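The values are calculated or read from the model by the stated rules, or taken from the named source; none is laboratory data. What you are looking at is a predicted structure, and each value in this text was computed from that prediction instead of being measured. Counting neighbours? That spans all protein chains shown, and the Cβs are built from the backbone with ideal geometry, glycine included. Just so you know, the surface numbers come from the protein's heavy atoms only, side chains and all, with ligands and any DNA or RNA stripped out. Shrake-Rupley method; radii C 1.70, N 1.55, O 1.52, S 1.80 Å.
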Amino acid sequence: VDGLFNPREIKLSPDGNHAYVAGSSDKSVSWFTRNSATGLLTYGGTLKDGVGGAEGLDGAFGITFSNDGSYLYVTGNYENSVSVYQRNSGTGALVFSEVLRDDYGGVDGLNNAQSVTLSPGGDHIYVVGNGDNAVSTYDLNASSGLLTQTDVIKQGDGSLNGLDGAWDVTLSADGNHAYVTGIFDDAVSWYERNATTGALTYGGMLKDGVDGVDGLKGADSVTLSSDGNHAYITGASDDAVSWYERNASTGALSYGGMLKDGVDGVDGLKGA
């Protein structure tokens with residue numbers, strides 16, 4: 001087994017047959033065949049930065065797939081990049097296609113690229129650039145899997161707020177809204193999404209310690225419930241997970257409550 005030094009993210013392929021791991025310190029992405037009955041994994045192989053033509057994997061961090069599972073996208077946190085790989089659905093093996101890097105060819109917003117996510121319709125990719133305090137948007141070519149940047153939003157653009165130390169991005173199942181955590185802003189912000197262009201428009205923000213909100217200090221991971229009615233956010237510096245009611249029409253979040261490590265018998269949330 002190789003490629004698991006400092007793993008950052010693991011994702012299952014859409015067909016559930018393979019698991020892929022971003023190994024930050026190995027500068028790699030590795031794949032494993034998954035037994036659907038037992039869930040057990042069998043090592044398949046590894047691509048490493050600079051080996052066999054692969055590029056963009058230095059500090060490999062986030063992973064996502066095209067809707068049909070034919071292409072894999074990986075962010076390179078130290079390389080300020082997002083790279084594209086063709087995927088063999090039978091073996092799980094990957095072949096390098098292209099890499100986009102911050103400040104090359106007009107690309108912006110990929111400094112310390114981290115979280116990467118696909119829109120529900122499969123037309124757009126979104127990447128959080130932690131060092132740029134930004135979220136960048138890319139058109140996805142369904143035939144080739146290749147990406148073209150179309151937009152970027154950054155902390156301080158107009159009234160936009162909450163992206164200092166941008167960390168994670170997730171989209172609602174209907175594709176109408178995006179949610180982004182800011183680890184240095186201790187905040188979560190939300191955006192209206194244009195389904196045609198993929199562009200994001202700032203909607204609002206909740207911040208730790210403001211208007212009764214708690215649990216967002218060091219806000220990092222954000223996820224939505226399957227029905228889209230609630231959001232859940234981990235606060236690494238608060239040792240907490242907090243939850244929010246979501247307005248499906250506006251995308252706005254309203255603070256619901258928090259569980260914190262060491263309070264009322266809660267355990268296991270330190271550095272959540």
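Some notes on this structure:
- Filtered residues of segment 26-75 (kept if without any contact (Cβ under 8 Å) to a residue 24 or more places away in the chain and either over 18 Å from Arg8 (Cβ atoms) or under 20 Å from the mean Cα position of the chain (by Cα) (or both)): Arg34, Asn35, Ser36, Ala37, Thr38, Gly39, Leu40, Thr42, Gly50, Val51
- Given (1) in a loop (DSSP other than H, G, I, E, B); (2) of a type in the set (Gly, Ala, Ser); (3) surrounded by fewer than 19 Cβ atoms within 10 Å (Cβ to Cβ), number of the condition Gly257 does not satisfy: (1)
- Filter result for Ser172 (in contact with a strand residue (DSSP E or B) (Cβ under 8 Å, 6 or more places away or on another chain), modelled with pLDDT of 95 or more and crowded, with 16+ Cβ neighbours inside 10 Å): yes
- For segment 59-115, taking the residues that are assigned to a loop (DSSP other than H, G, I, E, B) and β-branched (Val, Ile, Thr), the one that is nearest to Asn35 (Cα to Cα) is identified as Thr91.
- Lone qualifier among Ser249, Ser226 - being touching a residue at least 24 places away in the same chain (Cβ under 8 Å) and either closer than 28 Å to Val127 by Cβ or buried (at least 21 other Cβ atoms within 10 Å of the Cβ) (or both): Ser226
- Of Thr201, Thr234, all but one fail to be touching a residue at least 24 places away in the same chain (Cβ under 8 Å), open to solvent by 30 Å² or more (accessible area, probe 1.4 Å), out of contact with any Gly (no Cβ under 8 Å at 6 or more places or on another chain) and not in a loop (DSSP other than H, G, I, E, B); the exception is Thr234.
- The conditions of being open to solvent by less than 60 Å² (accessible area, probe 1.4 Å), touching a His at 6+ places or on another chain (Cβ under 7 Å) and either part of a strand (DSSP E or B) or within 14 Å of Gly198 (Cβ to Cβ) (or both) are not met by Tyr126.
- Filtering Gly235, Gly257 for residues that are within 23 Å of the chain's Cα centre (by Cα), at pLDDT 95 or above and closer than 30 Å to Glu192 by Cβ leaves a single hit, Gly235.
- Contact map, segment 176-198: first residue more than 20 Å from His230 (Cα to Cα) and free of Cβ contacts under 8 Å to residues at least 24 places away in the same chain, second residue open to solvent by 10 Å² or more (accessible area, probe 1.4 Å) and assigned to a strand (DSSP E or B), Cβ cut-off under 8 Å, separation 6 or more or different chains; pairs are Asn194/Leu200; Asn194/Thr201.
- Filtering segment 177-198 to residues that are touching a Gly at 6+ places or on another chain (Cβ under 6 Å) and closer than 26 Å to Asp239 by Cβ leaves Gly182, Ile183, Phe184, Asp185, Ala187, Ser189, Trp190.
- Residue tally, condition open to solvent by 70 Å² or more (accessible area, probe 1.4 Å), of a type in the set (Ser, Thr, Tyr) and part of a loop (DSSP other than H, G, I, E, B), over segment 23-46: 2
- Taken over segment 154-180, the criterion of being farther than 10 Å from Tyr202 by Cβ and in a loop (DSSP other than H, G, I, E, B) is satisfied by Gln155, Gly156, Asp164, Gly165, Ser172, Ala173, Asp174, Gly175, Asn176.
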